[in-house]
Amino acid sequence: MSARDYAIRYGFLALLAGLVIYFGLAADGFASPQSAVFIFQSVAITGILALGVTATLVVGGFDLSIGSVATTAMMASSYVMVVMGGDALMAVAACLAVGVVVGLINGFLIVYMRVPDLLATLGMMFLLVGLQRIPTEGRSIATGMTMPDGSVASGTFSPEFLALGRHRFDLFLPNLLPISVVVLVVLAIVIWFFLEYTRFGRMMYAVGSNERAAQLAGAPVNAYKIWAYVISGVFASIGGILLAARLGRGDIASGNNLLLDSVAAALIGFAVLGAAKPNALGTAVGAVFVGVLLQGLTMMNAPYYTQDFIKGAVLVVALVFTFALSKRGKR
């Protein structure tokens, strides 16, 4: 294996290891178990959304609506419990229904209406941003809130629901591991196995690689593409459930950065192990990379307004590094 091949395959992991070592030496407390858990917790929701984006990238698509799906699911669960007086099961069911319905609509627009994926999901993003604010006229949803008609919402967040975002498992130390991190790890393993080792997943890669060839081979291309957007919607809804459970309210401004961070994680995944393609393992590592970078910068008191610039610069460098080297190796 040449030096270029090593650079393509292991360069990004070396960069991640270098960041961990640097921040561990330069920032007090970065190397502690609590800091590591905080990093995983901070990227759990965006990582879950990024895994959904990965599913659409696999079939050659892209989903810009994931952030708004997550916030809509968060508002839906809050509305079910606080305004309608429902329980945790009803709230979770409402969230998942939002993801499935939005995924089906996105898939229908892209596959049957021939709307480009970026335009269809961008339109859905704006639609959901407006829709989630209509029932409360733009107010966040919290226990005891005043509704537009002047009545007071009497419902509360179910303790079982809040546990989804706040419960911690014992791991080496008491109450160390948040349930959201466990959900991220489980979903990452599930989607990785699904894409890499099942016939359905391999066919999704075939559709994304050469849609026409897959169609000529008899694959139901339209069904695979629609299912990819349904998977993306469901994963975004799961992120919305965890976000609502962690906050204990339906905050309309809480999902502002979900789209950018999750897309960054999914695209950074292209550079992991020289994959140069969407993959669940790379996406999970990309989410951790974003978390390490932001946590390290925060602990070193870097100005908050520089963090998005640094994150974007790292994303661009990682992608250019990966694709430039891999393309050069193929000439």
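Take the Cβ atoms of Ala219 and Leu127, set R0 to 25 Å, and the FRET efficiency comes out at 0.20.
For region 3-330, calculate the relative contact order in percent as a whole number, restricting contacts to Cα pairs under 8 Å that are 6 or more residues apart. Write out the running numbers ahead of the final one.
Working: 544 pairs, mean separation 108.3, N = 328.
About 33 percent, as a whole number.
So how do Ile179, Ile39 line up by other beta-carbon neighbours within 10 Å, fewest first? Mind showing how you got there, number by number?
Working: Ile179 19, Ile39 22.
The fewest-first ordering by Cβ neighbours comes to Ile179, Ile39.
Find out how many positive minus negative residues lie around Ser140, taking Lys and Arg as positive, Asp and Glu as negative, among other residues whose Cβ is under 15 Å from that of Ser140. Kindly include the intermediate steps, with their values, before the conclusion.
Numbers: positive: Arg133, Arg139, Arg246, Arg249; negative: Glu137, Asp251.
Every neighbour counted, the sum reads +2.
The residues neighbouring Ala44, those whose beta-carbon lies less than 13 Å from its own, together hold a net charge of +2 under the Lys/Arg +1, Asp/Glu -1 convention.
Residue by residue, what Karplus-based ³J(HN,Hα) values in Hz, rounded to whole numbers, does region 76-88 have, using 6.51, -1.76 and 1.60 with θ = phi - 60° and x for Gly and Pro? Result, ordered by residue: 5, 5, 5, 5, 4, 7, 7, 8, 8, x, x, 9, 4 Hz.
Where does each of Lys277, Lys225, Lys311 land when they are ranked from fewest to most other beta-carbon atoms within 10 angstrom? Show your work: numbers first, answer last.
Numbers: Lys277 14, Lys225 24, Lys311 19.
If I rank by nearby Cβ atoms, fewest first, I get Lys277, Lys311, Lys225.
Here Ile8, Ile226, Ile48 are placed in order of increasing Cβ neighbour count within 10 Å, fewest first, which gives Ile226, Ile8, Ile48. Work through the residues other than Gly208 whose Cβ is under 13 Å from its Cβ and net out their charges, Lys, Arg +1 and Asp, Glu -1. Around Gly208, the charge tally is +2. How high is the relative contact order of region 134-201, in percent, counting Cα pairs under 8 Å that sit 6 or more residues apart? The normalised contact order for region 134-201 reaches 14 percent. Database remark: amide H of Leu176 closer than 5 angstrom to the amide H of Phe169, Asp170, Leu171 (H placed geometrically; neighbours at sequence offset of 5 or more, or on other chains; Pro and chain starts carry no H).
Residues whose amide H falls under 5 Å from that of Ile141, counting only those 5 or more places apart or on a different chain, are Gly250, Asp251, Ile252, with hydrogens built in the peptide plane.
Could you tell me whether region 3-330 comes out rounded, prolate or oblate from its Cα gyration tensor? Rule is a ≥ b ≥ c as square roots of the eigenvalues, rounded for a/c under 1.5, then prolate if a/b exceeds b/c, otherwise oblate.
oblate
Net length available on complete extension from Glu137 to His167 is 7.6 nm, with 0.36 nm assigned per residue and the Cα-Cα distance removed.
Read-outs: derived from the displayed coordinates by stated rules, not from any lab. Model, not experiment: these values are computed from the prediction. Don't worry about glycine lacking a Cβ; one is built from the backbone with ideal geometry, like all the others, and counts go over all protein chains shown.
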